[in-house]
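> Sharing a structure below in structure tokens format, with a few things to ask.
The values are calculated or read from the model by the stated rules, or taken from the named source; none is laboratory data. Predicted, not measured: the structure shown is a model, and the values here were computed from it. Here the Cβ positions follow ideal geometry from the backbone for every residue, glycine too, while neighbour counts run over all protein chains shown.
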Amino acid sequence: MKALPEPTGTRTKTRRVWDDVSRFVVTGASGTLGSRVIEQLAARKGAKVLALLREGSKIRTQREGIEYRRIDFFDREACGRVLREFEPETTIHCAASGVQIPKPKWFELIRFNVDTTIHLCECAAERRDCKFVFISTGLAYRETGRPLKEEDALDTLHPYGASKAAADLVVRAAAAEFGVPLTVLRPFSFTGVNDDGRRLFPALLRAAQDGTTIDLSPGTQVRDHCAVEDVAAGVVKAAADRDAGTLGVFNMGSGRDARLREIVEEVIEELGLKVNLRWGGREFSRFEPMHLVADVTRAREGLKWEARTSLAYAIWELARASFPRVKVRKPRKYV
């Protein structure tokens, strides 16, 4: 195994021009967020994207500038070899376990989300000035009952949130130790094209398509939802800009809070969606936070980013892409 560089402490960051050639490694290429990040990166002039996939994951998009490679993320040597061959300028780690239903076994989820992050950060540390962008989650925070800030404590028993919190802490410590240019992004809830699994909004569309009733929690939990296209745009902005202001930790969300029942009913009304809901038909998920809303002040000021697309529009795009038989009315695009 190639030795890591000696710790360098805090580096002096300089701005870099990215207009000619940009080389990105992206994990999670089959996921809702990763696939949209890849699509947006490939649209950049001169960009080259190496998209890493787990065995069995599907390829979402094919276009010039994107190369796919299947890899065992637990194989540290294989990860290192792939990154050395491709020579990325930025590694974006979107891959995660535990997002979709059914959930993996508890320890498998923890191992993937923690170990692969460490492996990829270690590989980035071997390349001088290779920026590392880690996609964490708003679920990593301790619940406070108010909009969450980046300096709030990471502390949760939610399995996915806990695994991401552990990786979040370790990757920031590694970056500080080895001088890796690091950006940690903590998205809150999002949906849109390619969110075609069994999460809330694709489940609503599937129920509308099949004419079935969907059992939901009481819906009193407070949430912050936005469009995946907006989150992907924020990831690309953070990844493609070497300005020191894009390094650090940033929440990504709409910054707007409402009870989940109000969010769902507003979306249904905007889309004209015909679906049968049974609120309270199931219990809240175990360790589910009752208040999960992002304070996005830092992203607005540091990344010059904010969510602009309406949630209903994101779900309309999802319906057109994955549930074409569902009748939906086109809503306004921007909030």
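> Within the stretch 149-206, how many residues turn out to be of a type in the set (Val, Ile, Thr) and within 25 Å of residue 264 (Cβ to Cβ)?
3
> Quickly run through the stretch 135-174 and pick out the residues that are in a helix (DSSP H, G or I), of a type in the set (Ser, Thr, Tyr) and either touching a strand residue (DSSP E or B) at 6+ places or on another chain (Cβ under 9 Å) or within 23 Å of residue 257 (Cβ to Cβ) (or both).
Result: 160, single match.
> Quickly run through the stretch 209-232 and pick out the residues that are assigned to a loop (DSSP other than H, G, I, E, B), β-branched (Val, Ile, Thr) and within 21 Å of residue 259 (Cα to Cα).
Answer for the stretch 209-232, where residues must be assigned to a loop (DSSP other than H, G, I, E, B), β-branched (Val, Ile, Thr) and within 21 Å of residue 259 (Cα to Cα): just 220.
> With (1) within 27 Å of residue 159 (Cβ to Cβ); (2) at pLDDT 95 or above; (3) crowded, with 16+ Cβ neighbours inside 10 Å; (4) of a type in the set (A, V, I, L, M, F, W, C) as the list, and residue 79 as the residue in question, which single condition is left unmet?
(2)
> Select from the stretch 175-208 the residues that are aliphatic (A, V, I, L, M) and either in contact with a Ser or Thr (Cβ under 9 Å, 6 or more places away or on another chain) or in a strand (DSSP E or B) (or both) and list them in ascending order.
Residues satisfying the conditions are 176, 182, 184, 185, 193, 200, 205, 207.
> While we're on this one: Within the bounds of the stretch 308-318, is there any residue that is farther than 17 Å from residue 259 by Cβ, outside any loop (DSSP other than H, G, I, E, B) and among the small types (Gly, Ala, Ser)?
Taking every residue of the stretch 308-318 in turn, at least one turns out to be farther than 17 Å from residue 259 by Cβ, outside any loop (DSSP other than H, G, I, E, B) and among the small types (Gly, Ala, Ser).
> Kindly establish whether residue 167 is hydrophobic (A, V, I, L, M, F, W, C), within 24 Å of residue 37 (Cβ to Cβ), in contact (Cβ under 8 Å) with a residue 24 or more places away in the chain and touching a Leu at 6+ places or on another chain (Cβ under 6 Å).
no
Here's the yes/no breakdown for (1) of a type in the set (Phe, Trp, Tyr); (2) buried (at least 16 other Cβ atoms within 10 Å of the Cβ); (3) in contact (Cβ under 8 Å) with a residue 24 or more places away in the chain; (4) touching an Asp or Glu at 6+ places or on another chain (Cβ under 8 Å):
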{"residue": "261", "(1), (2), (3), (4)": "no, yes, yes, no"}
{"residue": "269", "(1), (2), (3), (4)": "no, no, no, no"}
{"residue": "298", "(1), (2), (3), (4)": "no, yes, yes, yes"}
{"residue": "310", "(1), (2), (3), (4)": "no, yes, yes, yes"}
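> Moving to a separate point now. Does the stretch 181-201 include one or more residues that are over 16 Å from residue 273 (Cβ atoms) and more than 20 Å from the chain's Cα centre (by Cα)?
The answer is no, given that none of the residues of the stretch 181-201 is over 16 Å from residue 273 (Cβ atoms) and more than 20 Å from the chain's Cα centre (by Cα).
> Taking into account only those residues within the stretch 319-335 that are touching a residue at least 12 places away in the same chain (Cβ under 8 Å) and outside any loop (DSSP other than H, G, I, E, B), which is surrounded by the most Cβ atoms within 10 Å (Cβ to Cβ)?
Result: 319.
> Within the stretch 5-20, is there a residue that is crowded, with 21+ Cβ neighbours inside 10 Å and either at pLDDT below 95 or outside any helix (DSSP H, G or I) (or both)?
Taking every residue of the stretch 5-20 in turn, none turns out to be crowded, with 21+ Cβ neighbours inside 10 Å and either at pLDDT below 95 or outside any helix (DSSP H, G or I) (or both).
> Would you check which residues across the stretch 32-70 are surrounded by fewer than 24 Cβ atoms within 10 Å (Cβ to Cβ), out of contact with any Asp or Glu (no Cβ under 9 Å at 6 or more places or on another chain) and either in a strand (DSSP E or B) or aromatic (Phe, Trp, Tyr) (or both) and list them?
Of everything in the stretch 32-70, those that are surrounded by fewer than 24 Cβ atoms within 10 Å (Cβ to Cβ), out of contact with any Asp or Glu (no Cβ under 9 Å at 6 or more places or on another chain) and either in a strand (DSSP E or B) or aromatic (Phe, Trp, Tyr) (or both) turn out to be 47, 53, 67, 68, 69.
Per-residue answers, yes or no, for (1) of a type in the set (A, V, I, L, M); (2) surrounded by fewer than 16 Cβ atoms within 10 Å (Cβ to Cβ):
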| site | (1), (2) |
| --- | --- |
| 84 | no, yes |
| 96 | yes, no |
| 101 | yes, yes |
| 110 | yes, no |
| 114 | yes, no |
| 119 | no, no |
| 124 | yes, no |
| 133 | yes, no |
| 149 | no, yes |
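> With the requirement that a residue be assigned to a strand (DSSP E or B) and not β-branched (Val, Ile, Thr), what does the stretch 233-266 give you?
248, 250, 251, 252, 258, 259
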